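The values are calculated or read from the model by the stated rules, or taken from the named source; none is laboratory data. What you see is a predicted model, and the numbers here were worked out from it, not measured in a lab. Cβ: placed from backbone, ideal geometry, glycine included. Neighbour counts: every protein chain shown. Heavy atoms of the whole protein, side chains included, go into the accessibility calculation; ligands, DNA and RNA do not. Shrake-Rupley method; radii C 1.70, N 1.55, O 1.52, S 1.80 Å.
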Amino acid sequence: MKEIKHFINGAFVDSASGRTFEDINPVNGQVIGRVHEAGRAEVDAAVRAARAALKGPWGKMTVAERAEILHRVADGVTARFDEFLEAECLDTGKPKSLASHIDIPRGAANFKVFADLIKNVPTEAFEMATPDGAGALNYGVRRPKGVIGVISPWNLPLLLMTWKVGPALACGNCVVVKPSEETPLTATLLGEVMQAAGVPAGVYNVVHGFGGDSAGAFLTEHPDVDAYTFTGETGTGETIMRAAAKGVRQVSLELGGKNAGIVFADCDLDKAIEGTLRSAFANCGQVCLGTERVYVERPIFDAFVARLKAGAEALKIGEPNDPEANFGPLISHKHREKVLSYYQQAVDDGATVVTGGGVPEMPAHLAGGAWVQPTIWTGLTDDSAVVTEEIFGPCCHIRPFDTEAEAIELANSLPYGLASAIWTENASRAHRVAGQIEAGIVWVNSWFLRDLRTAFGGAKQSGIGREGGVHSLEFYTELKNICVKL
Ligand SMILES: NC(=O)c1ccc[n+]([C@@H]2O[C@H](COP(=O)([O-])OP(=O)(O)OC[C@H]3O[C@@H](n4cnc5c(N)ncnc54)[C@H](O)[C@@H]3O)[C@@H](O)[C@H]2O)c1
Ligand SMILES: O=C/C=C/C=C(\O)C(=O)O
């Protein structure tokens, strides 16, 4: 049985309390390992180690030296690709075919992209006139923000954690990471890679545990953390923001969504079906950017529903090692209860269940897993909780629309504003509609197509701030203006 420890000040350590919790494999419900649960003592040790590393070797390194080390971290992830893949799939149950294309390569890319970026950012300068005619010169310098608390979710564990740790370290900060209690493995493995790459002790720390009244809360309440970057549910974001208010600490929040897909009759239907299938069902629907509301222009509504149904029914449910499988389990039985409660709610609200709606029959060795069927509904009213609340499962509701204005209004009707996907071959319409969608990210004729230099984040209740490219620098550095009177 694996024992999963904290990584503090360059060493793997137990919890002083001896408290542990189980890491469960969602494929079969079996225990993968025992995870040490951090108390305030371990969180405090991690924060102190981070502060010391900031004042010590990491803070004194040149940008070029830091960037070189981060490249070695990326290479270290790639060199141990199979171990990261195994660990990520054990924790999440997701198909290896998916994690080997998305999670693990992005885990490496998140270090490379920001290591390169940091070497190439210009600083701003303003010359100004002064009454004595001599003038003055203003210029900006960026300094690390300090010790960053990183709190990450379970759906894309390595990808989402490194998406924050990569730029934070590139900018010269030190981090204390609190990965999701559901997925402790890859953050821990990354500690070994950091060490081998020459990242000084204390720069990257990992504390394990839960959210409220556990490692998550202890980290957000710790007075010596300078800023928090969080990805997770909107409600948790509110709690973290409240904790960060004490001491006026900055937050970057990437939160939930209830994303709309808008499919116009002039779309390329093959592409729209393929993209909507991915956006609704990839990672068993557990992607913050996923589409749970699909609005389809009436002339193609029936054809679209029939083809999406066929696509959903052709998904191959299976365990990570099954090379044919492209659909895994949900993260846990607890999450399955939540998803199934919405499946029941849909029926209670009078939905037509186009496909799915329950739990699939699985072979005996997988019967203990958190499996659920990909599900499509039609016929719900716009105020059904199934249509307004984030389910975070493999499901979507499809509703017809008649005009462009109606589609935009429907897409914008909720308090969330993370992402949207528009399907049309009419270029003017694509730009016109995309410009009016209230979301941080709009894809046209694609979904989850990511250029890491672009701004990433949510509008409305889907988040605060943007990360990605130079936008990450805004959060992970303090911009100081120096004014020199000539
Ligand atoms: N916008 C984005 O980029 C993005 C990306 C991925 C996931 N998400 C969202 O994440 C959610 C799914 O992830 P989840 O269920 O792990 O989210 P969650 O909010 O339950 O947990 C996320 C992390 O926060 C910690 N946490 C929980 N309560 C806490 C507290 N009181 N104080 C400090 N930390 C606390 C958890 O332990 C975990 O590490 C969905 O809502 C999804 O939309 C958003
Ligand atoms: O589940 C949410 C996916 C988020 C993706 C990213 O943060 C990214 O691609 O950088």
- Specify which of the listed residues (ALA325, ALA346) is touching a strand residue (DSSP E or B) at 6+ places or on another chain (Cβ under 8 Å), hydrophobic (A, V, I, L, M, F, W, C), part of a loop (DSSP other than H, G, I, E, B) and open to solvent by less than 20 Å² (accessible area, probe 1.4 Å). ALA325
- Would you say THR381 is modelled with pLDDT of 95 or more, part of a loop (DSSP other than H, G, I, E, B), away from ligand 2 (no atom under 16 Å from the Cβ) and open to solvent by 30 Å² or more (accessible area, probe 1.4 Å)? yes
- Query: Mind checking which pairs have a first residue in region 331-351 that is without any contact (Cβ under 8 Å) to a residue 60 or more places away in the chain and a second that is acidic (Asp, Glu), Cβ under 8 Å, 6 or more apart or different chains?
  - Reply: TYR342/GLU389
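When you check GLY369 against the structure, is it over 12 Å from ILE391 (Cα atoms), crowded, with 18+ Cβ neighbours inside 10 Å and without any contact (Cβ under 8 Å) to a residue 24 or more places away in the chain, yes or no? Full working, then the answer.
Working: over 12 Å from ILE391 (Cα atoms): yes; crowded, with 18+ Cβ neighbours inside 10 Å: yes; without any contact (Cβ under 8 Å) to a residue 24 or more places away in the chain: no.
No.
Does at least one position in region 303-315 carry a residue that is at pLDDT 95 or above, within 16 Å of ligand 1 (Cβ to nearest atom) and in contact with a Ser or Thr (Cβ under 7 Å, 6 or more places away or on another chain)?
Kept after step one, since they are at pLDDT 95 or above, are these residues of region 303-315: 303-315.
Still in the running and within 16 Å of ligand 1 (Cβ to nearest atom): none.
Looking for residues that are at pLDDT 95 or above, within 16 Å of ligand 1 (Cβ to nearest atom) and in contact with a Ser or Thr (Cβ under 7 Å, 6 or more places away or on another chain), one finds none in region 303-315, hence no.
Here is a yes/no grid of residues against (1) in contact (Cβ under 8 Å) with a residue 60 or more places away in the chain; (2) in a helix (DSSP H, G or I):
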{"site": "GLU406", "(1), (2)": "no, yes"}
{"site": "LEU410", "(1), (2)": "yes, yes"}
{"site": "LEU414", "(1), (2)": "yes, no"}
{"site": "ILE422", "(1), (2)": "yes, no"}
{"site": "GLU425", "(1), (2)": "yes, no"}
{"site": "SER428", "(1), (2)": "no, yes"}
{"site": "HIS431", "(1), (2)": "no, yes"}
{"site": "ALA439", "(1), (2)": "yes, no"}
{"site": "VAL442", "(1), (2)": "no, no"}
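Rundown of residues vs (1) more than 21 Å from PRO167 (Cβ to Cβ); (2) polar (S, T, N, Q); (3) touching a residue at least 12 places away in the same chain (Cβ under 8 Å), yes/no style:
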{"site": "PRO200", "(1), (2), (3)": "no, no, yes"}
{"site": "TYR204", "(1), (2), (3)": "no, no, yes"}
{"site": "GLY209", "(1), (2), (3)": "yes, no, yes"}
{"site": "SER214", "(1), (2), (3)": "yes, yes, yes"}
{"site": "LEU219", "(1), (2), (3)": "no, no, yes"}
{"site": "GLY232", "(1), (2), (3)": "no, no, yes"}
{"site": "GLU238", "(1), (2), (3)": "yes, no, no"}
- Message: I'd like the residue in region 252-308 that is of a type in the set (Asp, Glu) and touching a Phe, Trp or Tyr at 6+ places or on another chain (Cβ under 8 Å) and, out of all such residues, is nearest to ligand 2 (Cβ to nearest atom).
- Response: GLU254
- Query: Can you name the residue in region 195-226 that is aliphatic (A, V, I, L, M) and crowded, with 24+ Cβ neighbours inside 10 Å and is also farthest from ligand 1 (Cβ to nearest atom) among such residues?
  - Reply: VAL199
- Residues of region 188-244 satisfying the condition of being within 16 Å of ligand 2 (Cβ to nearest atom) and more than 18 Å from CYS174 (Cβ to Cβ): THR231, GLY232, GLU233, THR234, THR236, GLY237
- Message: For region 31-53: of the residues being in contact with a Gly (Cβ under 7 Å, 6 or more places away or on another chain) and part of a loop (DSSP other than H, G, I, E, B), which is least open to solvent (accessible area, probe 1.4 Å)?
- Response: ALA38
- Test LYS164 against the stated conditions and say whether it is of a type in the set (D, E, K, R), open to solvent by less than 10 Å² (accessible area, probe 1.4 Å) and within 15 Å of ligand 1 (Cβ to nearest atom). yes
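Restricting attention to strands (runs of 3 or more DSSP E) lying wholly within region 137-254, give those where 2 or more residues are within 16 Å of the chain's Cα centre (by Cα).
Working: elements: 147-151, 174-178, 204-206, 227-231, 250-254.
Those strands (runs of 3 or more DSSP E) span 147-151, 174-178, 227-231, 250-254.
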